[in-house]
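Notes to accompany the following structure.
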């Protein structure tokens, strides 16, 4: 977003200093990292890695810790920018947005790479399971192309809601992950992390297993990565993901 400078102030008269908050739009998710804010507008499949000034303005609006001197005189103009991008729900509020009170985090360790864990490759996989994994990869890729991030997440939620699913032990997921890796090597298109783990989640749901999709970000340099968890255990990826990345979105547990 561009830097905004404006001498306007919020309110006049007796109520000028009364705290006025704004809540985030229903499809907007945020995480605070080292006094900055990263925003995900899920419906548009778009991230905003806010500047320090814009971060402080949004933090002020949603009721997080902020630097008052940074936003003094510029808050109305910055609020207009956020409104124009569809980040804020309509109307002022008397209280902060409660949904993301725990999303203001200390800096993370940083992202290394999307890792194939050694144990995920040392499993014999049936050809039939590789074929099934390929089918679910195709489904996830197709949905992602048509309906983007929100669409594939909705499909995962639907798959889990329409079947009786439960969380398993790590060994229960190992054959699925191993088959997914082999299918991805044979698949004619590169599969990004989100459709890969969405395919895993839909396949597992079809067989009665549940995983949680998680999306994390780092601010500098900006990077977003998706992975899967089962009751806090990372499935098919580096187990340190929550230490490395700040979680901005996760499907219901």
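Just so it is clear, none of the values below were taken in a lab; they were calculated from the coordinates. Note that this is a predicted model, so its numbers are computed, not measured. Glycine gets a Cβ as well: all are built from the backbone with ideal geometry, and neighbour counts include every protein chain shown.
Evaluate Rg over Rh across segment 125-202, taking Cα atoms for both radii and Kirkwood's formula for Rh. Reported Rg/Rh, Kirkwood definition of Rh: 0.96. From least to most packed, judged by other beta carbons within 10 angstrom and beginning with the fewest, 132, 210, 46 follow the order 46, 132, 210.
Among DSSP beta bridges lying fully in segment 118-250, give the percent that are antiparallel, nearest 5. Given both bridge residues lie in segment 118-250, the antiparallel proportion sits at roughly 95 percent. Between residue 117 and residue 242, what FRET efficiency comes out of the Förster formula 1/(1 + (r/R0)^6) with R0 = 22 Å and r the beta carbon distance, rounded to 0.05? Efficiency for this residue pair is about 0.85. The calculated FRET efficiency for residue 93 paired with residue 150, based on their beta-carbon distance and R0 = 22 Å, is about 0.30.
P(r) for segment 54-108, from all Cα pairs and a bin width of 5 Å, is 4, 18, 28, 26, 18, 5, 1 %, short bins first. Of all DSSP beta bridges confined to the chain, the antiparallel ones make up roughly 90%.
With respect to the chain, whose longest principal axis is taken over its alpha-carbon atoms, helix 193-206 is tilted by about 60°.
Global size of segment 49-177: 21.9, 64 Å for Rg and Dmax (C-alpha atoms, Rg to one decimal, Dmax whole). The length gained on full extension between residue 27 and residue 207, counted as 0.36 nm times the residue separation minus their Cα-Cα distance, comes to 61.9 nm. Relative to the current alpha-carbon distance between residue 220 and residue 126, full extension at 0.36 nm per residue lengthens the span by 29.7 nm. With neighbours defined as other Cβ atoms within 10 Å of a residue's Cβ, the residues 99, 126, 108 order from fewest to most as 126, 99, 108.
A helix-only calculation puts the chain at -12000 deg cm²/dmol for mean residue ellipticity at 222 nm, using -39500 (n - 2.57) for each DSSP H run of at least four residues, averaged over all residues. Counted by neighbouring Cβ atoms within 10 Å, the residues 138, 203, 227 run from fewest to most as 138, 203, 227. Stretched out straight at 0.36 nm per residue, the stretch from residue 51 to residue 158 would grow longer than its current Cα-Cα span by 34.9 nm. Label-to-label distance for residue 190 and residue 43 is 3.1 nm, based on points extended 7 Å past Cα in the beta-carbon direction. With R₀ set to 51 Å, the beta-carbon distance separating residue 142 from residue 67 gives a calculated FRET efficiency near 0.65. Considering segment 118-250, its Cα convex hull presents a mean projected area of 8.0 nm².
Taking one quarter of the surface of the convex hull spanned by the alpha-carbon atoms of the chain gives a direction-averaged projected area of 14.7 nm². Take every pair of alpha-carbon atoms less than 8 Å apart whose residues are at least six positions apart; their mean separation over the length of the chain yields a relative contact order of 21 percent.
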